[in-house]
1. Before anything else, pin down the relative contact order of the range 208-365: Cα pairs under 8 Å, at least 6 apart, normalised by residue count, whole percent.
2. Which residue, Ala83, Ala344, Ala177, has the largest displacement toward the positive end of the dipole of the chain when charges sit on each Cβ (Lys, Arg +1; Asp, Glu -1)?
3. Tell me the carbon and sulfur percent of the accessible area for the chain, rounded to whole percent, probe radius 1.4 Å.
4. Whats the longest run of the chain with zero trypsin sites (Lys or Arg not before Pro) that are DSSP loop and have at most 13 other Cβ atoms within 10 Å?
5. With r defined as the distance between the Cβ atoms of Ser304 and Phe272 and R0 fixed at 22 Å, what FRET efficiency is calculated, to the nearest 0.05?
6. What range in the chain is the longest one free of GluC sites (Glu not before Pro) that are in a loop by DSSP and have at most 13 other Cβ atoms within 10 angstrom?
7. With r as the distance between the Cβ atoms of Asp52 and Val16 and R0 = 45 Å, compute the FRET efficiency 1/(1 + (r/R0)^6) and round to 0.05.
8. So what's the gap between the Cα centers of the range 43-99 and the range 188-220, to the nearest angstrom?
Amino acid sequence: MKTPPLALYAHFPWCVQKCPYCDFNSYTLRDELPEQRYVETLLRDLDAQTADLGARPLTSIFLGGGTPSLFAPAAIGRVIEHARMRLGFAGDIEVTLEANPGTIERGRFAEYRAAGVTRVSLGAQSFDERQLKLLGRIHSADETRRAAEELHAAGLANFNLDLMYALPGQTSEEAQADLRAALALDPAHLSQYHLTIEPGTQFAAAPPVQPADEVVEDMLQSCLHSLEEAGFEQYEVSGYSRAGARCVHNLNYWTFGDYIGIGAGAHGKLSFPDEGFAVRTQQTREPRRYLAAVPGALARQPISSDDLTFEFAMNGFRLIQGFDDEMFESRTGLPIEVFERALAPLVARGLVERSANHWRATAKGFRFLNDILVELLPATRATPPA
């Protein structure tokens, strides 16, 4: 095992309104935002988690939620500056802020940039007013357009637009119209997510009628063609970027890098090569409990060999180009033979392909990634012979 790159994820759990499809750890803001108290807790959380990390500069920061853009630029700047002082930054660090178009005041993106933000992920989801209402979004399509104008004016041209497809009653033509509207705003990156009905959400209690599988497949193929024509390259399951604009933070996840998770419910993963193990961390989920918790009182769980194999595959097979033997061995500390035995049935089924020292999902496997993951789940995978 070798020391991988290190990133930071900071979670901001409040939203103006909880969306009916959302299963993230987010909460409707019913009282005044405890901005100062929450930021101070984030800083103490970071201090406690980095006490024994040594000199490991950050390659990226992702400020996610919830809706981080509910927090003032000065508050966001405090988190970024504290991380810089505590750990140091790589020279080309990427700092992403998630933003809801409905929470951005004029001129605020320029202030976020001055506070240290280098990239923004804008939750557009759709440009169809009917769909936005069905999805419980608080913004309009015009507010997304104005937010994109603000980003360009603030010098934050490296921004992502989130889009959803397979929306209730959506046609392939409507999905294409959403994509054309997004491309007209000249983003550097676009993320396209299938609307999934998750347990515990409002949509799970009253599921909307989604398009048939063949319609969804047509949406994907037609949108991929349009994105390629517009100069975007697909590099992972949901990610498309212009040249040089791949999301550094997400790539760190997909290549099984390390990351510190601070904030209510935040997860982290840290490797300790000298000791030969890696741990998962998780903070208290509920914001009030998080604010009241003792700094550093997060759960830490060593990752077993079986789980390391599964989690590495869960991330690595999202990438179009896949990964090589050296990455598996250096990020897990396990010999490649462990992985070869686990993947042999998937190679036989045509879901995974092996070439020289490289692995990747086939075209079929890329469409059915869940089948790959089910095969690799520790609870379902047969114990390989000694």
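1. Working: 182 pairs, mean separation 25.2, N = 158.
In percent, rounded to a whole number, it is 16.
2. Of the listed residues, the answer is Ala83.
3. That share works out to 52 percent.
4. 107-386
5. Efficiency computed from Cβ-Cβ geometry: 0.90.
6. 106-274
7. The pair Val16/Asp52 has a calculated efficiency of 0.75.
8. Each part reduced to its Cα centre gives a spacing of 32 Å.
The values are calculated or read from the model by the stated rules, or taken from the named source; none is laboratory data. Being a predicted model, the structure only gives us computed values, none of them experimental. Counting neighbours? That spans all protein chains shown, and the Cβs are built from the backbone with ideal geometry, glycine included. Side chains are part of the model used for accessible areas, which takes the heavy atoms of the whole protein and leaves out ligands, DNA and RNA. Shrake-Rupley method; radii C 1.70, N 1.55, O 1.52, S 1.80 Å.
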